[in-house]
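Since the structure comes first, as structure tokens, the remarks are kept for the end.
The values are calculated or read from the model by the stated rules, or taken from the named source; none is laboratory data. Since the structure is predicted, the reported quantities are computational estimates derived from the model, not experimental observations. No Cβ is skipped: glycine too gets one built from the backbone with ideal geometry, and neighbour counts run over all protein chains shown.
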Amino acid sequence: MYREQYGEWDSMQAYLDHFKADYTTDFLDFLASKDITWEMFPLENVTDNSAQQKAG
């Protein structure tokens, strides 16, 4: 089974703090107890590239 999820954070620090939160560590512990492998890939904000290209 494959599931995709998307989230947004205001800063990189907020993004990293999310993975130290109790609800996240509890969920990751649950996945580990069931021997479920997970992967995470940060998405690139396409609007950042658009703004850079417009600024030239």
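Assorted remarks:
Conditions (1) among the small types (Gly, Ala, Ser); (2) at pLDDT below 70; (3) surrounded by 10 or more Cβ atoms within 10 Å (Cβ to Cβ), marked per residue:
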site: Met12; (1), (2), (3): no, no, no
site: Tyr15; (1), (2), (3): no, no, yes
site: Phe19; (1), (2), (3): no, no, yes
site: Asp22; (1), (2), (3): no, no, no
site: Phe27; (1), (2), (3): no, no, yes
site: Ile36; (1), (2), (3): no, no, yes
site: Asn45; (1), (2), (3): no, yes, yes
site: Gln53; (1), (2), (3): no, yes, no
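- Pairs with Cβ under 6 Å, 6+ apart, first in segment 5-32 and within 21 Å of Leu43 (Cα to Cα), second at pLDDT below 85 and not in a helix (DSSP H, G or I): Tyr15/Trp9
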